[in-house]
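Colleague: Here's a structure for you.
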Amino acid sequence: MPTVAQTLQERLSDALAALELQSVDAAQVVPTADPRNGDYQTSVAMVLAKARRENPRALACRIAETINLTGIGAPPEVAGPGFINFRLEPEFVAQKLVAVSNDPRLGVEKPANPKRLIVEFSSPNIAKPMHVGHIRSTILGDAIARIARFLGHEVVTDNHLGDWGTQFGKVIYAWKHFRDEAALETRPLDELVRLYREADLRSKQDPGVLEQCRLELVNLQKGDPENRAIWERCVTLSRREFASIYALLGVEFDEQLGESAYDAELPGLVERLLAKGVAEISDGAAVVFDNEISETPFMIRKSDGGFGYATTDIATLDYRIKRWNPDGIWYVVGAPQQLHFRQLFSVARRLGYKLDLEHIAFGSILGEDRKLMRTRSGESVPLRELLEEAIDRAEKLVREKNAALPDNESEEIAKIVGLGAVKYAELSQHRLTDYVFAWSKMLSFQGNTAPYLQNAYVRSRAIFRRLEGPFQPPNRILLAEAAEQTLGKEILRFGEVVPAVLDGFRPNVLANFLYELAAKYHVFYEQCPVLTAEGETKASRLLLCDLFSRTIKTGLMLLGIEVPERM
Ligand code: ARG
């Protein structure tokens, strides 16, 4: 089913062809910013007039007179320097809404060429604190993967765990000397970080300790059974705790391969890169230079023979291409790693790989003091504590709002609202902006927040609980009131907005659309009584409520946010 914008675009193309004007990309039909200018508009006349040295208004008038909008809208108006403004007929909107209500995809078309995509996100490190940077990657990556999948792409999600690295020398040393078994069972992520820090501190004070840590690492890499067993326990315990955090967040991965999965490939890979002339030896190290990117070489084998982050990433890329032959690999990783990914992608091109490689970067989270978010002791904030706090705060809020709810239900709702609030605060911002993490703002029922959107959904569902008998969607509806028309037109935009999220990877476009949609629903709700209305009016309003609730629920689900039925 074409979207409204596509339908208008087609009619516009027909008119341009009839006038022997050529269609230009820059002149899309887009929604107007101000409803006084109609519903959609195009600046095609201005773009064409410039190239043809014609008067843009005169050209706009010729196009407006030629375009056939029978059954869609009134004859378009020409405004300002040459905009062509379209206003939809309520009857056209009504018919479209009935069609969308019969479509399980709510008007979102499948892409003409579905792709196979790997979306890599979260990727925390073992024995290093999982911090708010990882939460951004987790929430953003999950939303992008959900949206790509809903659109109809084949998506493989992979959590590239940092489970192999020099930190293990220190962790193993400390494990042998100061581990706390009980803590390892209950809070393994924290305990492993504590062990790492303990060894780090001691090795700074005592060169003997530093040397022992180094030996533990060498032994691990040589395959010493005791060290290998310790490493395995560290990984198992950490994975278990990560899994419980992901379960709380409702995040799932198809794969969680981790850096260690590629270790055996590294020596051969470096030889291959050298043989192909992609890498070269410089000061005893194997490096890749790309002076167009940076003078800093991409280090693939250090002069002491050790491999690192870069080598593992090339091996990972190789593996993914062999195993899945994807059309694209998308990495959701913070902006500070930009250089790393540019260098990695340059190696991929030199290896002849032709696929869409994207570094989907994001900014930082700031505390209310506008500095990088930290706990009072100056550490980065542990993710689990942050999520638990969100749920606790939401629970107070839910109880204040509706004291009559039974305990287990308000706990369930608190989880949905609290986690939703944290996710929405992330997703409603452009990913590259540094945003301020402020509890009071994200948990407010007013403004652009998850609770506001969830509340709009709850309102729309409450109507159906009070309805006597099941809701039978009507085959035709009537949109008499302005608030009904405005809401109806906004619902129809869902099919335009969801595919647009992937260009530029902007879940905030969907989030902010859902906010506008909820705001229009509230206006409708206040101005148009539903249950006391009669006949066709009642059926039409019920259809709007039903479509609204399905649209906002699906939209939030695409952002990884759940909705409660009551709150
Ligand atoms: N573990 C890394 C970190 O926390 C992120 C990994 C990003 N992914 C990658 N393929 N390099 O910084």
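Colleague: State the number of residues belonging to region 84-106 that are in contact with a Pro (Cβ under 9 Å, 6 or more places away or on another chain) and surrounded by 14 or more Cβ atoms within 10 Å (Cβ to Cβ).
Modeller: Here is the first cut: in region 84-106, the ones in contact with a Pro (Cβ under 9 Å, 6 or more places away or on another chain) are 84-87, 98, 101-102.
Remaining after also requiring surrounded by 14 or more Cβ atoms within 10 Å (Cβ to Cβ): 84-87, 98, 101.
The total comes to 6.
Colleague: Here is a follow-up. So which residues in region 318-331 are within 11 Å of the ligand (Cβ to nearest atom) and not in a strand (DSSP E or B), if there are any at all?
Modeller: 320, the sole residue that qualifies.
Colleague: I'd like the full set of residues that are within 16 Å of the ligand (Cβ to nearest atom) and among the β-branched types (Val, Ile, Thr), limited to region 143-178. Steps first, answer last, please.
Modeller: Of the residues in region 143-178, the ones within 16 Å of the ligand (Cβ to nearest atom) are 144-145, 156-168, 171.
If the condition is that a residue be within 16 Å of the ligand (Cβ to nearest atom) and among the β-branched types (Val, Ile, Thr), then 144, 156, 157, 166, 171 are the ones that fit.
Colleague: For residue 236, all conditions in the list (1) in contact with a Lys or Arg (Cβ under 8 Å, 6 or more places away or on another chain); (2) farther than 21 Å from residue 343 by Cβ hold save one; what is the number of the exception?
Modeller: Only one criterion is unmet by residue 236, namely (1).
Colleague: Of all residues in region 467-492, count the ones that are over 15 Å from residue 546 (Cα atoms), of a type in the set (Gly, Ala, Ser) and not in a loop (DSSP other than H, G, I, E, B).
Modeller: Here the count works out to 2.
Colleague: So, in region 395-416, of the ones that are in contact with a Lys or Arg (Cβ under 9 Å, 6 or more places away or on another chain) and touching a residue at least 24 places away in the same chain (Cβ under 8 Å), which residue ends up nearest to residue 249 (Cα to Cα)?
Modeller: Applying the filter and picking the extreme gives 413.
Colleague: What is the number of the single condition among (1) within 14 Å of the ligand (Cβ to nearest atom); (2) over 30 Å from residue 220 (Cβ atoms); (3) surrounded by fewer than 20 Cβ atoms within 10 Å (Cβ to Cβ) that residue 366 does not meet?
Modeller: Checking residue 366 against (1) within 14 Å of the ligand (Cβ to nearest atom); (2) over 30 Å from residue 220 (Cβ atoms); (3) surrounded by fewer than 20 Cβ atoms within 10 Å (Cβ to Cβ), the one that fails is (1).
Colleague: Considering region 20-42 alone, what residues qualify as being surrounded by 15 or more Cβ atoms within 10 Å (Cβ to Cβ) and out of contact with any strand residue (DSSP E or B) (no Cβ under 6 Å at 6 or more places or on another chain)?
Modeller: Selection gives 21, 28.
Colleague: Restricting region 111-134 to residues that are buried (at least 24 other Cβ atoms within 10 Å of the Cβ) and either aromatic (Phe, Trp, Tyr) or over 16 Å from residue 499 (Cα atoms) (or both), which is nearest to the ligand (Cβ to nearest atom)?
Modeller: Looking at the filtered set, the residue picked out is 120.
Colleague: Given the options 511, 519, name the one that is of a type in the set (Gly, Ala, Ser) and surrounded by fewer than 19 Cβ atoms within 10 Å (Cβ to Cβ). First the steps, then the outcome.
Modeller: Numbers: 511 fails: surrounded by fewer than 19 Cβ atoms within 10 Å (Cβ to Cβ).
When all the criteria are applied, what remains is 519.
Colleague: Sticking with this structure for a sec: Just the residues that are surrounded by 10 or more Cβ atoms within 10 Å (Cβ to Cβ), free of Cβ contacts under 8 Å to residues at least 60 places away in the same chain and part of a loop (DSSP other than H, G, I, E, B), please, taken from region 273-297.
Modeller: Result: 279, 284, 293.
Colleague: Let me ask you something else. Could you list, in sequence order, the residues of region 276-301 that are among the basic types (Lys, Arg) and touching a Leu at 6+ places or on another chain (Cβ under 6 Å)?
Modeller: Once the filter is applied, which keeps residues that are among the basic types (Lys, Arg) and touching a Leu at 6+ places or on another chain (Cβ under 6 Å), region 276-301 yields nothing.
Colleague: Can you pull out every residue in region 344-373 that is hydrophobic (A, V, I, L, M, F, W, C), in a helix (DSSP H, G or I) and touching a residue at least 24 places away in the same chain (Cβ under 8 Å)?
Modeller: 344, 347, 348, listed by residue number.
Colleague: Let me ask something additional. Condition check: within 12 Å of the ligand (Cβ to nearest atom), touching a strand residue (DSSP E or B) at 6+ places or on another chain (Cβ under 7 Å) and free of Cβ contacts under 8 Å to residues at least 60 places away in the same chain. Does residue 341 satisfy that?
Modeller: So residue 341 fits the description; yes.
Colleague: Here is a further query. Among the listed residues 259, 271, 280, 292, identify the single one that is among the charged types (D, E, K, R) and closer than 26 Å to residue 116 by Cβ.
Modeller: Unique residue meeting the criteria: 259.
Colleague: While we're on this one: Report yes if some residue within region 465-485 is surrounded by 13 or more Cβ atoms within 10 Å (Cβ to Cβ), at pLDDT 95 or above and within 19 Å of residue 553 (Cα to Cα); otherwise report no.
Modeller: No, that holds for no residue.
Colleague: Within region 508-567, how many residues are part of a loop (DSSP other than H, G, I, E, B) and free of Cβ contacts under 8 Å to residues at least 60 places away in the same chain?
Modeller: Counting residues in region 508-567 that are part of a loop (DSSP other than H, G, I, E, B) and free of Cβ contacts under 8 Å to residues at least 60 places away in the same chain gives 5.
Colleague: For residue 223, which of the numbered conditions (1) at pLDDT below 95; (2) in contact with a helix residue (DSSP H, G or I) (Cβ under 9 Å, 6 or more places away or on another chain) fails to hold?
Modeller: Going through the list (1) at pLDDT below 95; (2) in contact with a helix residue (DSSP H, G or I) (Cβ under 9 Å, 6 or more places away or on another chain), residue 223 breaks only (2).
Colleague: If the requirement is being in contact (Cβ under 8 Å) with a residue 24 or more places away in the chain and either within 16 Å of the ligand (Cβ to nearest atom) or surrounded by 17 or more Cβ atoms within 10 Å (Cβ to Cβ) (or both), which of these qualifies: 140, 210? Reasoning before the result, please.
Modeller: Details: 210 fails: in contact (Cβ under 8 Å) with a residue 24 or more places away in the chain.
Testing whether each residue is in contact (Cβ under 8 Å) with a residue 24 or more places away in the chain and either within 16 Å of the ligand (Cβ to nearest atom) or surrounded by 17 or more Cβ atoms within 10 Å (Cβ to Cβ) (or both) leaves just 140.
Colleague: Turning to a different aspect of this structure: Could you look through region 298-317, keep only residues that are in a loop (DSSP other than H, G, I, E, B) and small (Gly, Ala, Ser), and pick out the one that is nearest to the ligand (Cβ to nearest atom)?
Modeller: The residue in question is 308.
Colleague: So which helices (runs of 4 or more DSSP H) are wholly in region 165-267 and hold at least 1 residues that are under 32 Å from the mean Cα position of the chain (by Cα)? Reasoning before the result, please.
Modeller: Working: elements: 167-178, 181-186, 188-205, 207-222, 225-249.
Helices (runs of 4 or more DSSP H) meeting the threshold: 167-178, 181-186, 188-205, 225-249.
The values are calculated or read from the model by the stated rules, or taken from the named source; none is laboratory data. The model shown is predicted, which means the values in this text are computed figures rather than measured ones. In this analysis, Cβ positions are derived from the backbone assuming ideal geometry, glycine residues included, and neighbour counts consider all displayed protein chains.
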